[in-house]
Structure formats: C-alpha cells, structure tokens
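Below is one structure, written out as structure tokens, with a few remarks after it.
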Amino acid sequence: MEHRRVIKRPLWKRSDIDPTKECVLLLVEDDDGNREFELREFAKKDDLVKEARRIHTTAKIPLDLVISRCVVSIAENVVLESGEGFMFNSNGAWLTLNEFEAYKKEFFARRESEFWLMRLLSRLHSKFLRKFCKSRGCQ
C-alpha cells in the first residue's frame, strides 16, 4: 500500500519569527500531488521551490496570526494574491475555494446518484420478494 504524505504541520517556531519582517504563506503542490505549505518572508517570496508543480502565495499575513501558528485562522483571515480564498481540509491539506466547491459539487452529485440507485434496488428487491413469496405460497 502506497503511503502519501498529505501535509506538513507548521514548521516555524515562535522564536524564528522576526516581528520586523512581513510574512506570506506558500502553498505548494509537487508532481506527486503532495501538498505542503511554507512560511516565507515577504521579501524572499520569489525564491520559490523549483520542483513544485503549482504554487500559490498568500497576501501578507498579520504578525498575530503568524505567531499563533494556526493555519486555519490564517486561511480564514488571509486570501491568496489572486484574491481567491483558500482553506484546509480535515486532513490539513490546503485547497483553493474553487477546488473545494468542485469537490463538494461532485460529492453531492455522486451521493444523489447513490441514493437514487439504492431506492431503485429497494423497490426491485421488495417486488422480487412479493413475487417470490406469492409463488411459494408463503405469507
């Protein structure tokens, strides 16, 4: 069974934070689909990871959020440079809000089709049971 690392927890320490510097969060996806994030100084945000397939950069993050190390709070209060929002799922992997909406739409569409199939199967099953019992003379 293949083990895929989904997330890295915040690796920065409070003691590593320089209150005089502004920070951004880099959201990176590599060729294997692993998603990670990294705190960078705003001045050094262009030193991006070269092997990454996709990189999003947040707007400048307020110092109190950087110190809190809570990526969920950062996602709730800061947007990407493109203006799009982002979030972290229950596994801690980042998603843009467009990706989240697409996953949600796909999930509910699949769920509705499964409910439709289950209703159909239960009707067919009950019709089959009635016919079977009638042919066998059971009540």
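No value in this document is a laboratory result; all are computed from the given coordinates. No experiment lies behind these values; they were computed from the predicted model shown. Cβ placement follows ideal geometry from the backbone for every residue including glycine, while neighbour counts extend to all protein chains displayed.
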Exercise for the section: Give me the number: length gained by fully extending Ile67 to Asn89, i.e. 0.36 nm times residue separation minus the C-alpha to C-alpha distance, one decimal in nm. Expected result: 5.8 nm
Practice task
Give, in nm to one decimal, the length gained when the segment between Val79 and Lys60 is fully stretched (0.36 nm per residue of separation minus the Cα-Cα distance).
Solution key: 5.9 nm
Exercise for the section: Rank-order 82-90, 22-30 by packing density, defined as the average count of other C-beta atoms within 10 Å over each peptide's residues, highest first. Expected result: 22-30, 82-90
Handout entry: ³J(HN,Hα) computed for each position of the stretch 34-39 - Karplus, 6.51 cos²θ - 1.76 cosθ + 1.60, integer Hz, glycine/proline x
Key = 6, 10, 9, 9, 8, 8
Fill in the blank from the handout: Taking the square root of 5λ for each eigenvalue of the C-alpha gyration tensor of the stretch 14-96, the equivalent ellipsoid has semi-axes, largest first and in whole angstrom, of 19, 15, 12
Problem - Segments 66-79, 95-108 sorted - mean Cβ within 10 Å per residue, highest first - result: 66-79, 95-108
